[in-house]
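Have a look at the structure below, then the notes.
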Amino acid sequence: MGKLVEIRWHGRGGQGAKTAALLLADAAFNTGKYIQGFPEYGPERMGAPITAYNRISDDKIRIHSNIYEPDYVVVVDETLLTSIDVTSGLKESGAIIINTEKAPEDVKKHLKGYKGKVCTVDARKISEEALGKYFPNTPMLGAVVKVSKVMGEEEFLNDAKGSFAHKFATKPEVIEGNMKAIERAMQEVKGI
Amino acid sequence: MAIRERLSGNEAIAVAMKQINPDVVAAFPITPSTEIPQYFSQFVSNGAVETEFVAVESEHSAMSACIGAQAAGGRTMTATSANGLALMWEMLYIASASRLPVTMACVNRSLSGPLNIHNDHSDSMGARDSGWIQLYSENNQEAYDNFIQAVRIGEHSDVVLPVMVCQDGFITSHAVENLELLEDEKVKAFVGEYKPEHYLLNSKNPIAVGPLDLPNYFFEHRRQQAQAMINSKNVILEVAKEFEKLTGRKYELFEKYKLDDAEIAIVIINSTAGTAKTVIDELRDKGIKAGLLKIRVFRPFPAEEIAEALKHIKALAVMDKAEGFSAVGGPLFNDIKAALYGVADGIKVVNYIYGLGGRDVKADNIEFVYNELQNILKTGQLGETYRYVGVRE
């Protein structure tokens, strides 16, 4: 049986964590995998903490529950580190990827002694420089692919370009910026 | 060649609707089924279908519009959830009694109150006596496949009844998963053209629909309606066989998973069946003979076939994702026990109410149930049969 990779996303409403989970599912699907991408729905408000999930596998996925022991956790908003137990159940063989300007060793104190890999990426800076606006989800998507290796980098970049061309058919000017944001996040993510 | 796709459960239903290209879709939005008419109305405005889309002001009106359109001679569909289904209640019975094979996507959600938008089966379980055929779906693939088959089942001349195709709100309706789609022309050929025997717009043979039915005929009409439900079991199997030829995907009245040599088993509906299969695989690795019976067809209830499939089981848990308030167990439990009575009396049967109002059902919850069944097996003690799993008490 092929390896099942489980990813949990923590973000705030409006930051695009759900969209990022669906984009990751799409990209993995396009490389031939079985996938699930689903958000945990609550009272949806801008700024409220939200959770989204991915399962990626070589085999058919039958389980239908939330993810309690993820291989990877992505934190799209670092203010969640002090309010949400982001490392809950996170496997030590995996990693947590946090959007922050800080270095991995500087955020560890918030991670309740998590012994696995801690990676950070400054998605705000990347997004603002590449897109001119703060959309942290695309750089985080690049970072999670880089850290988790759920698919080949080239394969992923080609696919992302295609997805953006489709998603932003009416605003092609943002495609290049989003691609740049992903590529930079893949280069700049720290702690691998 | 099947089309490899990834869609949410709601998208899968909307795509099936598009491929079927019905004459009329009438719907009113309600979470979590809203996306179905939302996606479908895009297909309408893009010209991908020739359907008349009726944006009504309530679910009562949605079902009324479906009844009117189907009676006129059109193939008609709708989608709803929870309180939307409840608001259709009066008209559900009129659709089935008027023998109008409307197809409905029911995206299961807890029926208020307290107000909750998440999944359980209290909406469609309440409609189990409304004369609609009910098909349930573990995942997006099954929701898509069931919806296409539903049209053929409902419209079959031995049946002529409405069909509701249920799936779990959010859990599958909003989860993107892999599935295989059929090509448009294959779906079109499979469902064929709708040719009702009697319909209002047939000027050569005028009829009345829904007139007063007094004691001299009402009972006979009810009897015919009941017979149609009895007949539907064979039709469901025939349509499934034809669908299997087309797709390679096998459907029956229920699915057995590692059941034939099992000692302990659960009976379950919809998405948690998938979670249970992963638990069964782990238990089997430890030498525990665990199995599963997943209900696909709940109405008509395949009592004889279920009793036959379960008769060798020693301890059985029936899982209800709806509280029946009968004070003795949920609706599926009652039907399963009645099916076993006098046929397979030796089985120790318990009921678990689970997952109400969107309480996430973890693999651990299912494992707990199998452990309890093993305890029953070990001690021979049945104990309380009306149980809960995953609730704080």
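Assorted remarks:
- Length-normalised contact order of region B:268-393 in % [C-alpha pairs under 8 Å, at least 6 apart]: 27 percent
- Per residue, the solvent-accessible area of the protein assembly as shown (1.4 Å probe, heavy atoms of protein chains only, all protein chains present) comes to 43 Å².
- Per residue convex hull volume, Cα atoms of region A:89-172, in Å³: 110 Å³
- Positive-end residue of A:Ile61, A:Pro136, A:Pro104, charge dipole of region A:5-188 with Cβ unit charges: A:Ile61
- For the protein assembly as shown, adding -39500 (n - 2.57) for each run of n ≥ 4 DSSP H residues and dividing by the number of residues yields -12000 deg cm²/dmol at 222 nm.
- Cross-link pairs beyond the 30 Å C-alpha cut-off, checked among A:Lys60/B:Lys321; A:Lys60/A:Lys146; A:Lys171/B:Lys186; A:Lys109/A:Lys146; A:Lys102/A:Lys167: A:Lys171/B:Lys186; A:Lys102/A:Lys167
- Within the protein assembly as shown, antiparallel bridges make up roughly 35 percent of the DSSP beta bridges whose residues both belong there.
- The mean number of Cβ atoms from other chains found within 10 Å of a Cβ in peptide B:358-364 is 3, as a whole number.
- Residue-count net charge about B:Arg249 - beta-carbon cut-off 9 Å; Lys, Arg +1, Asp, Glu -1: -3
- Sequence ranges B:98-111, A:116-129, ranked by mean other-Cβ count within 10 angstrom, highest first: B:98-111, A:116-129
- Candidates B:Asn205, B:Asn119, B:Asn351: whichever shows maximal mean-square fluctuation once chain B is modelled as a Gaussian network with Cα springs under 10 Å: B:Asn205
- Modelled FRET efficiency - R0 60 Å, B:Glu180 with B:Glu57, Cβ distances, 0.05 increments: 0.95
- Since only B:Phe243, B:Ala143, B:Phe43 are under comparison, the one whose Cα sits farthest along the positive direction of the charge dipole of region B:3-247, derived from C-beta charges on Lys, Arg, Asp and Glu, is B:Phe243.
- 11 Å beta-carbon shell around A:Ile192, net charge (K/R +1, D/E -1): +3
- In the elastic network of chain A, a GNM with C-alpha springs shorter than 10 Å, the most mobile of A:Asn178, A:Asn137, A:Asn30 is A:Asn30.
- The stretch between B:Asp345 and B:Ser112 holds 80.2 nm of extra length on full extension. This uses 0.36 nm per residue minus the Cα-Cα distance.
- With Cα atoms, 0 to 90° folded angle of helix B:218-247 axis to chain B main axis: 80 degrees
- Relative contact order (%) - region A:5-188, alpha-carbon pairs under 8 angstrom, separation at least six: 20 percent
- Region B:254-389: C-alpha gyration tensor shape, a/c 1.5 cut-off, then a/b vs b/c: rounded
- At 1.306 mPa s and 10 °C, Stokes D of region A:5-188 from Kirkwood alpha-carbon radius, µm² per second: 97 µm²/s
- Descending principal axes extents, chain B, alpha-carbon based, whole Å: 70, 53, 44
- Efficiency of FRET between B:Arg249 and A:Asp58 - r from beta-carbon atoms, R0 35 angstrom, step 0.05: 0.95
- Neighbouring partner chain Cβ atoms per residue of B:270-276, average, 10 Å criterion: 3
The values are calculated or read from the model by the stated rules, or taken from the named source; none is laboratory data. This one's a predicted model, so the numbers in the text were calculated from it and none came from an experiment. Here the Cβ is made from the backbone with ideal geometry for all residues, glycine too, and neighbour counts use every protein chain on show. Side chains are part of the model used for accessible areas, which takes the heavy atoms of the whole protein and leaves out ligands, DNA and RNA. Shrake-Rupley method; radii C 1.70, N 1.55, O 1.52, S 1.80 Å.
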